[in-house]
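Structure, as structure tokens:
The values are calculated or read from the model by the stated rules, or taken from the named source; none is laboratory data. Predicted model, so just to flag it, every value in this text is computed and none were measured. Positions of Cβ are backbone-derived with ideal geometry, glycine not excepted, and every protein chain shown enters the neighbour counts. Keep in mind that these areas ignore ligands, DNA and RNA; they rest on the heavy atoms of the full protein, side chains included. Shrake-Rupley method; radii C 1.70, N 1.55, O 1.52, S 1.80 Å.
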Amino acid sequence: PENWQRIADLGLPGILKEGTSKRVYPSGSLASNLVGFVGADGKGLGGLESGLQDVLAGTDGEQTYERGQGGRAIPTAQHSKVEAVAGSTITLTIDRDIQYTAEKALAEKVAESRAESGSVVVMDPHTGKILALANYPTFDPNDISKSRSSDLGNRALSDVFEPGSTAKTMTMAAVIDQGAATPSTQFKIPGTLKRGDKVFNDDVPHGTWYLTLAGVLARSSNLGTILASERIGSRTFNQYLKKFGMGQPTGLGFPGESKGSLLPYKDWSQTSFPSMVFGQGMNMNAVHVASVYATIANEGKRVTPSLIDSITAPDGTVTAGATPEETVVVSPKTAKTVLAMLENVVSENGTAPKARIPGYRVAGKTGTAQVAVSGGYGRDVIASFAGVAPADKPELVVAVTIVKPQVGRFGGQLAAPVFKEVMMSALKTRHVPPTGTVAPYMPLKFSKNG
């Protein structure tokens, strides 16, 4: 009889036949970049197949016997047999329906925008469980020879980038948590700001803006973010970045994962602080971004992301995945306030009205980050959107990243529609009803005459 081994609860079975450790995959598998692939010898070479090789791999069996004429075993002769032992079954936290929608929506947008690549991360903010981890382009695990080496990894974890404006959520949370400002605090914002030897601008030229802190976030003003952050100072800001997990491994232990980079505080220059507060000068991967928003959605408590739901041993013993670590980053009051501010981003007055979902309160932030090249910034961008729904009773977080689009440019234009499609499907799949409440009113501007 055959010994069957399920790699993950994704409809992605791997088969271990008696006396062998070779796994066979169905064509058109979902989550190829997550599950990974094996070599001709049956050993994992990528993804979870590589990272969990020792757990997944079975032990080959063998049989020794004397044979006579014609190759038949001699019944009365000595023989011995060692049975093959199947490996363990790994059940992932991935929801196959959400994963399918994420992969489909992402592939369509990457193709439409002629982007280099993209990723989608869906998380349960309360448990840290990743419900979808989609990448595009991907590969066929049945025919690795026809795939590009750059497509074999998991970009959502291996590729790092400067997050741009999605990082402003961390800045606002730090400022509010320190009591340095409230959503209605007023800021007079000039057209430019000089800090150190650099002149900072917003994404569009403007005269003096009169915005509240909520308006600074809704308009995604770099200059307003700098002015707000200076109320807490660089050292305090650095401490919050570390609590949010910047420059640290996500905790997934995924093969090829990059922890990103956060410059040691002692090495910060005069322009480091004003750059980092709006997402330049530090790097993170897509799961880091999702984790930031999951922290805000989980009342300010960061839960280490996880992919392994359980492990079933060959004897049927089931072991739950590791208990995730928890870190208090900001107070529940701060998190609730920031979520309410992020709802303005998806309003008609914000940068991402395309992320709105009928019947649900949505909170989120756009990002359009320039790609660093040769010590400066080129034309290419990374368009992103990360958001939470329902905003008043968070259940899900979705983070979308579109890398180097050639048609379209802004996160609200490219990433927000993908967020909407994936989030709508995920809310339906998880049976999350609308809360029926209305977002609180927050003034975004004020009159210069008072």
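With the Cα gyration tensor of region 102-223 in hand, give its eigenvalues times 5 under a square root as the equivalent ellipsoid semi-axes, listed largest first in whole angstrom.
Largest first, region 102-223 gives 38, 19, 13 Å.
Can you send over the solvent-accessible area of residue 126, 1.4 Å probe, protein chains only, in Å² to the nearest 10?
80
Ranked highest first by the average count of other Cβ atoms within 10 Å around their residues, in what order do 244-255, 93-104, 58-69 fall?
Those peptides, ordered most packed to least, come out 93-104, 244-255, 58-69.
In nm, to one decimal, how far is the residue 371 label point from the residue 310 one, both placed 7 Å along Cα→Cβ?
Result for the modelled spin labels: 4.3 nm.
Put +1 on the Cβ of each Lys and Arg and -1 on the Cβ of each Asp and Glu in region 327-384; which of 331, 357, 367 then has its Cα farthest toward the positive end of the dipole?
So the residue we want is 331.
Work out how much length residue 65 to residue 178 would gain on full extension: take 0.36 nm times their residue separation and subtract the Cα-Cα distance, in nm to one decimal. Show your work: numbers first, answer last.
Details: separation 113, 0.36 × 113 = 40.68 nm, distance 7.62 nm.
That works out to 33.1 nm of additional length.
Sorted by accessible area (1.4 Å probe), largest first, how do 194, 301, 266 line up? Display every interim value, and only then the final one.
Values: 194 135, 301 75, 266 165 Å².
Descending accessible area places them as 266, 194, 301.
Within region 295-322, whose backbone N sits under 19 Å from a point 7 Å along Cα→Cβ of residue 55?
Those under the cut-off are 304-322.
Counting only protein heavy atoms and using a 1.4 Å probe, what share of the accessible area of region 290-370 belongs to carbon plus sulfur, as a whole percent?
50
Once you compute Rg and the Kirkwood Rh from C-alpha atoms, what is the Rg to Rh ratio for region 227-380?
Using Cα coordinates only, the ratio equals 1.02.
Please go through the residue pairs 198/259; 333/445; 198/445; 109/129; 365/420; 129/393 and name each one whose alpha carbons sit more than 21 Å apart in this structure. Before the final figure, lay out the partial values.
Working: 198/259 28 Å; 333/445 23 Å; 198/445 27 Å; 109/129 25 Å; 365/420 13 Å; 129/393 17 Å.
Exceeds cut-off: 198/259; 333/445; 198/445; 109/129.
I'd like the carbon and sulfur percentage of the solvent accessible area for region 73-188, probe radius 1.4 Å, heavy atoms only, ligands and nucleic acids excluded.
48
When the helix-only estimate is applied to the chain (DSSP H runs of n ≥ 4, each -39,500 (n - 2.57), divided by the residue count), what is the mean residue ellipticity at 222 nm, nearest 500 deg cm²/dmol? Let's see the in-between values first.
Details: 13 runs with 118 residues, N = 450.
Counting only the DSSP helices, I get -7500 deg cm²/dmol.
Can you compute the radius of gyration and Dmax for the chain, using only the Cα atoms, both in Å?
Final numbers for Rg and Dmax: 25.0, 107 Å.
Which of the trypsin sites (Lys or Arg not before Pro) found in region 107-155 are loop residues per DSSP with 16 or fewer other Cβ atoms within 10 Å of their Cβ?
Sparse-neighbourhood loop trypsin sites (Lys or Arg not before Pro): 114, 148.
Any idea of the accessible area per residue across the chain, 1.4 Å probe, to the nearest Å²?
44
Can you give the local net charge around residue 380? Use residues other than it whose beta-carbon is closer than 10 angstrom to its beta-carbon, Lys and Arg +1, Asp and Glu -1.
Value of the local net charge: +2.
So, counting K/R as plus one and D/E as minus one, what does the shell of residues with Cβ under 12 Å around residue 392 add up to?
+1
Rounded, prolate or oblate: which one fits region 331-378, using the alpha carbon gyration tensor with axes a ≥ b ≥ c (rounded when a/c is under 1.5, else prolate when a/b beats b/c, else oblate)?
In terms of gyration-tensor shape, oblate.
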